[in-house]
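Report on the structure given below.
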Amino acid sequence: MPDPYDVALGQRVSSARLGAGLSQGALAKAIGVAYQQLQKYERGENRLSVARLKRISNALAVPMNVLLGEREDPTSDALRVDPRVLRTALLLHSLPKANQRAIEALVALMDPSAVATAA
């Protein structure tokens, strides 16, 4: 069973990769591993060495302490984004503006708070 710290680190790497708009294959190539190996890192199945983490940090232009879950400013509230939400946002952003507006209208119709307000 993967260690919870390795899983958390892998999730942060995955979120940072998606935030940078990179595929697993692109990041894997940048750090010199197969994409399957990167998948194992992102799932916490394989541990990341400090050297490999530094390569990931450089490739994503994200400080290592952020990937490790430490904040640059301990008083700030770090934004944590579910990788699925980020992936959906990136896909939405790639659509034509008219389609974006149509999807936003559809989501607004499904928002339970909007239904409660209308009632």
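The values are calculated or read from the model by the stated rules, or taken from the named source; none is laboratory data. This is a predicted model, so every value here is computed, not measured. Methodologically, a virtual Cβ is constructed for each residue, glycine included, from the backbone with ideal geometry; neighbour enumeration extends over all protein chains shown. Quick note on the areas: whole protein, heavy atoms, side chains included, nothing else; ligands and nucleic acids left out. Shrake-Rupley method; radii C 1.70, N 1.55, O 1.52, S 1.80 Å.
Okay, residues lined up against (1) surrounded by fewer than 16 Cβ atoms within 10 Å (Cβ to Cβ); (2) at pLDDT 95 or above:
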site: Arg17; (1), (2): no, no
site: Ala20; (1), (2): yes, no
site: Ser23; (1), (2): yes, no
site: Val33; (1), (2): no, yes
site: Leu38; (1), (2): no, yes
site: Leu53; (1), (2): no, yes
site: Ala59; (1), (2): no, no
site: Val62; (1), (2): no, no
site: Leu67; (1), (2): no, no
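Would you check if there is a residue in segment 40-62 being in contact (Cβ under 8 Å) with a residue 60 or more places away in the chain and outside any helix (DSSP H, G or I)? Within segment 40-62, none of the residues are in contact (Cβ under 8 Å) with a residue 60 or more places away in the chain and outside any helix (DSSP H, G or I). From the set of residues in segment 89-119 that are modelled with pLDDT of 80 or more and closer than 19 Å to Gln24 by Cα, which is farthest from the chain's Cα centre (by Cα)? Filtering segment 89-119 for residues that are modelled with pLDDT of 80 or more and closer than 19 Å to Gln24 by Cα, the one farthest from the chain's Cα centre (by Cα) comes out as Ser94. Evaluate the following for Ala28: is it open to solvent by less than 30 Å² (accessible area, probe 1.4 Å), without any contact (Cβ under 8 Å) to a residue 12 or more places away in the chain, in a helix (DSSP H, G or I) and over 16 Å from Arg84 (Cβ atoms)? In short, yes.
Listed by first and then second residue, the pairs linking a residue in segment 83-94 that is open to solvent by 90 Å² or more (accessible area, probe 1.4 Å) to a residue that is modelled with pLDDT of 80 or more and assigned to a helix (DSSP H, G or I), with Cβ atoms under 9 Å apart and 6 or more places separating them unless they lie on different chains, are Arg87/Leu18; His93/Gln100.
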